[in-house]
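The values are calculated or read from the model by the stated rules, or taken from the named source; none is laboratory data. Quick caveat: nothing in here was measured; it's all calculated off a predicted structure. Don't worry about glycine lacking a Cβ; one is built from the backbone with ideal geometry, like all the others, and counts go over all protein chains shown. When the accessible area is computed, the model is the full protein with side chains, heavy atoms only, and any ligands, DNA or RNA have been set aside. Shrake-Rupley method; radii C 1.70, N 1.55, O 1.52, S 1.80 Å.
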Amino acid sequence: MNRPRFVILGPQGAGKGTQAGRLVHRFHITHIYPGQIIRDEMTAGTALGKKVAKTMNAGKLIPNRITNRLIRERIESKICQSGWITDGYPRNLAQAKPFQKFGHPNLIIHLHLTDDAAVKRLSGRRMCSRGHVYHLQHDPPKKRRGYCDHDGLKLFQREDDTPQAIRKRLHIYHHETEPLLHWYKEKVLIITVDAHKSIPLVYRDMIAKMKRISWLSSRLDQK
Ligand code: ADP
């Protein structure tokens, strides 16, 4: 049977982390995002982790080669046996090409959001150090204000969630990541969802589109 091998793609603030989190529960799959894997690697103090820490401390980007290797290791590990969803990866063609060979994604979920909406939305984003995401207005924690519902960790605002930094990241998204949609067109099925709506409506639209895909609809009907 096919197992979910999803990629969620969209600009910063589109709700990739939020919706991926919901799909993880729905399909019992693993959420893969580079930021977390890199942090795990650094915490574990592996040789690769030390190298990555050095690069990051020098204010440099992690080379695609290393990111690809980390994602590949994770995807081939036991925790990903029943399926996975990548979020924030691949970011450019140098990642998408090797990923196509070792990952064989079978669905691209494209969340569409305008830049103005992204900037507005991201100013309210808060998260915990394990990567659980909230929004001050749209998705606040339910148990205790300012603390993560899942692990009780204190929520913080990302340093790069300022309007100026967001615009810069959006610019990179349009130049490096968005072109992947065109590249994937002939290779992998793509569904596009309007991400301007509320979190439950985006989720509903996304599931409705998934239900039209035969191998996925049978999995969704089991619930
Ligand atoms: P991404 O991973 O694409 O950058 P996130 O999932 O981190 O996006 O969402 C960005 C912020 O917007 C978070 O604070 C999240 O709670 C909030 N958010 C996500 N989806 C929506 C939505 N449909 N409507 C309003 N706020 C949203």
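What's the total number of residues in segment 179-211 that are out of contact with any Asp or Glu (no Cβ under 9 Å at 6 or more places or on another chain), touching a residue at least 12 places away in the same chain (Cβ under 8 Å) and of a type outside the set (A, V, I, L, M)?
9
Identify all residues within segment 161-170 that are more than 11 Å from the ligand (Cβ to nearest atom) and either within 20 Å of the chain's Cα centre (by Cα) or farther than 20 Å from Asp116 by Cβ (or both); write none if there are none.
Once the filter is applied, which keeps residues that are more than 11 Å from the ligand (Cβ to nearest atom) and either within 20 Å of the chain's Cα centre (by Cα) or farther than 20 Å from Asp116 by Cβ (or both), segment 161-170 yields Thr162, Ala165, Arg167, Lys168.
Among the numbered criteria (1) modelled with pLDDT of 95 or more; (2) within 19 Å of Arg39 (Cα to Cα), which one does Arg130 miss?
(1)
Mind checking which residues of segment 120-153 are in contact (Cβ under 8 Å) with a residue 12 or more places away in the chain, open to solvent by less than 90 Å² (accessible area, probe 1.4 Å), outside any strand (DSSP E or B) and within 11 Å of the ligand (Cβ to nearest atom)?
Arg121, Leu122, Ser123, Gly124, Gly131, His132, Pro141
Take Ala96 and decide whether it is buried (at least 19 other Cβ atoms within 10 Å of the Cβ) and of a type in the set (Gly, Ala, Ser).
Considered against the rule, which asks whether it is buried (at least 19 other Cβ atoms within 10 Å of the Cβ) and of a type in the set (Gly, Ala, Ser), Ala96 comes out as yes.
May I ask you to say which residue of Leu201, Leu181 is closer than 14 Å to Thr18 by Cβ and outside any loop (DSSP other than H, G, I, E, B)?
Leu201
Among the listed residues Ile166, Ile190, which satisfies the condition of being open to solvent by less than 30 Å² (accessible area, probe 1.4 Å) and in contact with a helix residue (DSSP H, G or I) (Cβ under 8 Å, 6 or more places away or on another chain)?
Ile166
Taking segment 5-22, which residues are within 13 Å of the ligand (Cβ to nearest atom) and either among the aromatic types (Phe, Trp, Tyr) or over 11 Å from the mean Cα position of the chain (by Cα) (or both)?
Answer for segment 5-22, where residues must be within 13 Å of the ligand (Cβ to nearest atom) and either among the aromatic types (Phe, Trp, Tyr) or over 11 Å from the mean Cα position of the chain (by Cα) (or both): just Arg22.
When only residues in segment 87-119 that are small (Gly, Ala, Ser) and closer than 21 Å to Val7 by Cβ count, which is farthest from the ligand (Cβ to nearest atom)?
Within segment 87-119, the match that is farthest from the ligand (Cβ to nearest atom) is Ala94.
Go through Met210, Met206 for me and flag whichever is of a type outside the set (Asp, Glu), open to solvent by less than 60 Å² (accessible area, probe 1.4 Å) and in contact with a helix residue (DSSP H, G or I) (Cβ under 6 Å, 6 or more places away or on another chain).
Met210
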